Amino acid sequence: MPFNTRKITVIPGDGIGPEVIAAALKVVEAAGVALDPDIQQAGASCFAKGIETGVPRETIESIEKTKVVLKGPLETPIGYGNKSANVTLRTLFETFGNLRPVRELPGVHTPFTGRNLDIVIVRENVEDLYTGIEYMQTPGVAQALKIISHTGCQKIVELAFEFAVAAGRKRVHCATKANILKLTEGMLQHTFEEIAPRYPEIEAKHILIDNCAHQLAMRPEQFDVIVTTNMNGDILSDLTSGLTGGLGFAPSANIGNGAAIFEAVHGSAPDIAGKNLANPTAIILSAAMMLRHIGEGAAADDIEQAVLVTLESGIRSGDMPGTAKPTGTIEFADAIISNLGRESTSKGARDFRAVKIPAATSEVQVVKTQSRRVTGIDVFIESSLQPAELAEGLKDVVAGTTVSLQMIGNRGNTVYPVEDDRSVTLVDQYRCRFMKQDRNDNLTNAEILSLLTKIGEEHIWMHVEKLQQFDGVDAFSRTKK
Ligand code: NAD
């Protein structure tokens, strides 16, 4: 092995994974990059061996050393473990940013051909509903926690702008649902607005996620870079890969401070696995992103150009529309290899600089406030009573204490007090809001515990949320009428 080889971890993965990974490694080698792949396992075979997370210790140790992974798709077999091996890897190495670029490709005809699409979704990759914290509140009501932190927003927004600068991009959209989720999705919008002025050369725009989806179907050419939360990004990035030819062409990079994982967006495609039918373009373009990440930009450009030249030659993989005989996985890679060193007639190589990745810190991140106090609590109660009956009971419970019952909600609707006799479908989970009578006073832990004890004597409560004010501003959602 030559001295200057770059060690990387390679996870062939499941289904078509080993086939497309072999194709990608062949192309990288032919492009003249001396890699020393450390082949490791994760996914279905590991779940089958009883490894709960789907990721064995040796794989984790390899990534800790190499810090760079080229990964095939991993199945999450139903019936083993609780988590997907992909989520385990992203969480373990805190790959907080998921870059998913798509662009119009020659010979890959779509309804958008001719619009020259060139879009990158920058998806927050570790927070949001994907923390996977879920509870059954009652046998019939489930709840998931959407966790969004200011630090998480800062890191993803900075990554989006740094990527835009490095890749010579002009515009960054921030797509959120801040009109409804003012605190969680709103935090990404506010953080975006805080950080955007540091990048005056990049046009910064906020867009609501639903409008973004609509605009992506109507006028996708207006988008350049889109930064968004985890779930929104998951959905939007599959949409954007559909705009430009489908999953077989969509690469991705999971960027973290300690490690980066490069993989195709597609899954293990069990329907075509082992048949030499898979399109290797997505993983080959992911490998090019990896090469750029490890400082092999010239080889990355060469591979991207060879992919374009190959597509310009009229080659067709099985997932492309058309009647020409489909080219097999390995033959497709061979065609790309034969075009290394040639330049595309449709798109020149891009001028990339290294992306500056937001720094990590081991200190606990704290947003400081001048003042704070607890003004009340929301207690979630399981009950089959009608709202008015429940309210009467709760008023008796809190009589003589420092709090009063302000309202009762059910699935987001205020059901007590109500001014009209609207009928809403009630479920057995009620949110009961108790406020401190003196709004300038702090509701203490002792008061809360005594209140919960009293409520618990009469009702089943599941969870409690403190209603806080930070710097005089309510830090909780208002109740809906
Ligand atoms: P999939 O992406 O595997 O397949 C969807 C369709 O696209 C199939 O018809 C498939 O044949 C086709 N397809 C996908 N990649 C292709 C390629 N390179 N060339 C040609 N055709 C291709 O999605 P799925 O069927 O929903 O998932 C299958 C498994 O993959 C599941 O276990 C899922 O959990 C897993 N998965 C893993 C990842 C990952 O590891 N990042 C991502 C998505 C799905």
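The values are calculated or read from the model by the stated rules, or taken from the named source; none is laboratory data. Computed from a predicted model, the values in this text were never measured in an experiment. Using ideal geometry, Cβ is built from the backbone for each residue, glycine included, and neighbour counts are taken over all protein chains shown. These accessible areas exclude ligands, DNA and RNA; they are computed on the full protein's heavy atoms, side chains included. Shrake-Rupley method; radii C 1.70, N 1.55, O 1.52, S 1.80 Å.
Starting from segment 243-258, keep only residues that are in a loop (DSSP other than H, G, I, E, B), then list their pairs with residues that are small (Gly, Ala, Ser) and within 9 Å of the ligand (Cβ to nearest atom) whose Cβ atoms are within a distance under 6 Å, requiring at least 6 positions of separation or different chains.
Pairs found: Ala250/Ala282.
Looking at Gly107, is it surrounded by fewer than 19 Cβ atoms within 10 Å (Cβ to Cβ), of a type outside the set (Val, Ile, Thr) and out of contact with any Ser or Thr (no Cβ under 9 Å at 6 or more places or on another chain)?
Details: surrounded by fewer than 19 Cβ atoms within 10 Å (Cβ to Cβ): yes; of a type outside the set (Val, Ile, Thr): yes; out of contact with any Ser or Thr (no Cβ under 9 Å at 6 or more places or on another chain): no.
So Gly107 does not fit the description; no.
Scanning segment 195-209 for residues that are farther than 17 Å from Val122 by Cα and charged (D, E, K, R), which turns out surrounded by the most Cβ atoms within 10 Å (Cβ to Cβ)? Please lay out each step first, then the result.
Of all residues in segment 195-209, those farther than 17 Å from Val122 by Cα come to 197-198, 200-201.
Still in the list and also charged (D, E, K, R): 198, 201.
Working: Arg198: 11, Glu201: 9.
Filtering first and then ranking leaves Arg198.
I want to confirm something. Restricting to segment 306-326 and keeping residues that are out of contact with any Gly (no Cβ under 8 Å at 6 or more places or on another chain) and open to solvent by less than 30 Å² (accessible area, probe 1.4 Å), which single residue is farthest from Ala166 (Cα to Cα)?
Within segment 306-326, the match that is farthest from Ala166 (Cα to Cα) is Thr310.
Taking Thr244 as the residue in question, decide whether it is away from the ligand (no atom under 16 Å from the Cβ) and open to solvent by less than 30 Å² (accessible area, probe 1.4 Å).
Numbers: away from the ligand (no atom under 16 Å from the Cβ): no; open to solvent by less than 30 Å² (accessible area, probe 1.4 Å): yes.
It is false that Thr244 is away from the ligand (no atom under 16 Å from the Cβ) and open to solvent by less than 30 Å² (accessible area, probe 1.4 Å).
If I ask for residues that are part of a helix (DSSP H, G or I) and within 13 Å of the ligand (Cβ to nearest atom), which ones from segment 47-58 would you list?
Kept after step one, since they are part of a helix (DSSP H, G or I), are these residues of segment 47-58: 47-48, 57-58.
Listed by number, the list holds a single entry, Phe47.
So Lys83 fits all but one of (1) outside the structural domain of Glu296 (by TED's automatic domain parsing); (2) open to solvent by 60 Å² or more (accessible area, probe 1.4 Å); (3) within 15 Å of the ligand (Cβ to nearest atom); what number is the exception?
(1)
Considering segment 290-299 alone, what residues qualify as being in contact (Cβ under 8 Å) with a residue 40 or more places away in the chain, in a helix (DSSP H, G or I) and either crowded, with 21+ Cβ neighbours inside 10 Å or small (Gly, Ala, Ser) (or both)? Before you say what the answer is, go through the steps one by one.
From segment 290-299, those in contact (Cβ under 8 Å) with a residue 40 or more places away in the chain are 290-297, 299; that's our starting set.
Of the ones still in play, those that are also in a helix (DSSP H, G or I) are 290-293, 297, 299.
Correct list: Met290, Leu291, Arg292, Gly297, Ala299.
List the number of the failed condition for Asn116; all other conditions in (1) within 16 Å of the ligand (Cβ to nearest atom); (2) open to solvent by 50 Å² or more (accessible area, probe 1.4 Å) hold.
The single condition Asn116 does not satisfy is (1).
What is the one condition in (1) hydrophobic (A, V, I, L, M, F, W, C); (2) under 21 Å from Asn279 (Cα atoms); (3) within 31 Å of the chain's Cα centre (by Cα); (4) assigned to a loop (DSSP other than H, G, I, E, B) that Phe352 does not satisfy?
So the condition that Phe352 fails would be (2).
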